[in-house]
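Engineer: First the structure, which I've put down as structure tokens, then a few questions once you've had a look.
The values are calculated or read from the model by the stated rules, or taken from the named source; none is laboratory data. This structure is a prediction, so every number in the text was calculated from the model and none was measured. Cβ: placed from backbone, ideal geometry, glycine included. Neighbour counts: every protein chain shown. In case anyone asks, the SASA skips ligands and DNA or RNA and just uses the protein heavy atoms, side chains included. Shrake-Rupley method; radii C 1.70, N 1.55, O 1.52, S 1.80 Å.
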Amino acid sequence: MTSLIKKCFEKCNLKVSEKQINDLSMLASLTLEKNQLLNLTSINDEENFVDKMIVDSALLLLNIDLNQKFVLDLGTGAGFPGLVLAILSPNTKFVLLDSTTKKINHIQEVIQKIGLNNVETVSARAEEYIDVNREKFDLVVARAVKELTILLEIAVPFVKNGGSFVAYKGQNYLDEINKSKRAIKLLNCSFVQAAPYTLPISNEIRYYLIFYKTASTDLKYPRQYSKIIHKPL
Ligand code: SAH
């Protein structure tokens, strides 16, 4: 798997060390192995995993400098994009948050096996974790978590004033942006850009939606989860 990962990163012009390639390869093997037992992701074969999980998570680094930042991966699942970004950005501190304890336990095992020292994990719902972590992060990232309107309400309150939120999205991002106009305004952020990127094996085109936080978010957000879901902003 290491040669496949190396080739993919070369194709995408992203510089990675031999050690980082080995760590990413270990992450892929450990996740695929555990997947049979825990149902961590629907992607089961090495090529697709490298393309759609590892490289997809990493390509954010072509656009955004994470150096010295404090980053939250909201709804990290089995650790994506958080673990990939943590391997590639050793000077950046990460919190990986998910409400599913079995996934967080798996991530803990992976962190220990790889020997990462810049990652903390939290098993909680975002609407609970916000209590003592409001506006603490320079950057919040989220991949494959809910529709954009809902995601913005749970994610933006964690971002510092002047910080950013990045959502990894597919082809129909424009539709989601249009539906989220009101939420963007109410949460005091602005939509900066949709940065396109191409996956190296499947050639699929995906987008990072980048939001900038312009002012503090009103303490009434996020609302209770049932309200967020049933009455999106
Ligand atoms: N980011 C991962 C996982 C996506 S699945 C990936 O790209 O592979 C969505 C994850 O979000 C699930 O693991 C789910 O448990 C988590 N999640 C959804 N709503 C959440 C919330 N309100 N608080 C914390 N985690 C949440």
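Engineer: If you take the square roots of the eigenvalues of the alpha-carbon gyration tensor of the chain and sort them as a ≥ b ≥ c, do you get rounded (a/c under 1.5), prolate (a/b over b/c) or oblate? Could the numbers behind the result be given before it?
Structural biologist: Details: a/c = 1.69, a/b = 1.47, b/c = 1.15.
Prolate is the answer for the chain, as a/c is 1.5 or above and a/b outweighs b/c.
Engineer: Lys/Arg Cβ at +1, Asp/Glu Cβ at -1, dipole of the stretch 63-217 taken about the Cα centre: which of S190, P157, I64 is farthest positive-ward?
Structural biologist: S190
Engineer: Quote to one decimal, in nm, the extra length available between R125 and I43 on full extension: 0.36 nm per residue of separation minus the C-alpha distance between them. Can you show the working numbers first?
Structural biologist: Working: separation 82, 0.36 × 82 = 29.52 nm, distance 2.45 nm.
Extending this stretch completely gives an extra 27.1 nm.
Engineer: So if each residue of separation counts as 0.36 nm, and I subtract the Cα-Cα distance between Q224 and V192, what length gain in nm does that give?
Structural biologist: Values: separation 32, 0.36 × 32 = 11.52 nm, distance 2.76 nm.
Net length gain for the segment: 8.8 nm.
Engineer: If you take the square roots of the eigenvalues of the alpha-carbon gyration tensor of the stretch 45-166 and sort them as a ≥ b ≥ c, do you get rounded (a/c under 1.5), prolate (a/b over b/c) or oblate?
Structural biologist: Numbers: a/c = 1.36, a/b = 1.26, b/c = 1.08.
Since a/c stays below 1.5, the shape of the stretch 45-166 is classed as rounded.
Engineer: Given the pairs K11/K169; K11/K213; K179/K220; K146/K220; K19/K113; K6/K103, which are separated by over 25 angstrom at their Cα positions?
Structural biologist: Details: K11/K169 21 Å; K11/K213 33 Å; K179/K220 21 Å; K146/K220 20 Å; K19/K113 14 Å; K6/K103 27 Å.
Table pairs above 25 Å Cα-Cα are K11/K213; K6/K103.
Engineer: What dipole magnitude, in Debye to the nearest 20, does the stretch 150-214 give about its Cα centre under +1 on Lys/Arg Cβ and -1 on Asp/Glu Cβ? Don't skip to the end; give the middle numbers.
Structural biologist: Working: 8 positive and 4 negative charges, 52 e Å.
I would put it at about 240 debye.
Engineer: Pop out the carbon and sulfur fraction of the accessible area of the stretch 85-167 as a percent, whole number, probe 1.4 Å. Could the numbers behind the result be given before it?
Structural biologist: Numbers: 1340 of 3200 Å².
Exposed carbon and sulfur together represent 42 percent of the surface.
Engineer: Run the quick spin-label model on N67 and A144: label points 7 Å from Cα toward the beta carbon, then report their separation in nm to one decimal.
Structural biologist: With each label placed 7 Å out from Cα toward Cβ, I get 3.2 nm.
Engineer: Using the heavy atoms of the protein chains and a 1.4 angstrom probe, tell me the accessible area per residue for the chain in square angstrom. Please report the intermediate quantities before stating the final value.
Structural biologist: Values: 10810 Å² over 233 residues.
I get 46 Å² per residue for this part.
Engineer: Continuing with this model, one more query. Kindly provide the trypsin sites (Lys or Arg not before Pro) of the stretch 15-101 that DSSP labels as loop, not H, G, I, E or B, and whose Cβ sees at most 12 other Cβ atoms within 10 Å. Each step should come with its number before you reach the end.
Structural biologist: Values: sites: K15, K19, K34, K52, K69, K93; in loops: K15, K69.
Hits after loop and neighbour filter: K15.
Engineer: Specify the inter-centroid distance of the stretch 70-116 and the stretch 176-228, based on alpha-carbon positions, in whole Å.
Structural biologist: Taking the Cα centre of the stretch 176-228 as reference, the centre of the stretch 70-116 is 21 Å away.
Engineer: Would you list which aspartates and glutamates come within 12 Å of K34, measuring only between C-alpha atoms, while excluding same-chain residues fewer than 8 positions from it?
Structural biologist: Filter leaves E109.
Engineer: Do the sum for the chain: with -39,500 (n - 2.57) for every DSSP H run of n ≥ 4, divided by all residues, what is the mean residue ellipticity at 222 nm, to the nearest 500 deg cm²/dmol? Could you put the intermediate results ahead of the total?
Structural biologist: Numbers: 10 runs with 87 residues, N = 233.
Dividing the helical sum by the residues of the chain leaves -10500 deg cm²/dmol.
Engineer: Still on this structure: Mean Kyte-Doolittle of at least -1.0 plus a Cα span of 27 Å or more along the axis: flag which DSSP H helices in the chain meet both, please.
Structural biologist: Values: long enough: 18-38 (30 Å, -0.17).
Those that pass (Cα extent of 27 Å or more, hydropathy at least -1.0) are 18-38.
Engineer: Taking K93 as the anchor, which aspartates and glutamates have their alpha carbon closer than 12 Å to its alpha carbon, excluding any fewer than eight residues away along the same chain?
Structural biologist: Cα-Cα hits under 12 Å: D73, E120, D138.
Engineer: Taking 25 Å as R0, compute the FRET efficiency from the Cβ-Cβ separation of K7 and I205 and round it to 0.05. It would help to have the intermediate numbers written out before the result.
Structural biologist: Details: r = 20 Å, r/R0 = 0.79.
So, using R0 = 25 Å, E works out to roughly 0.80.
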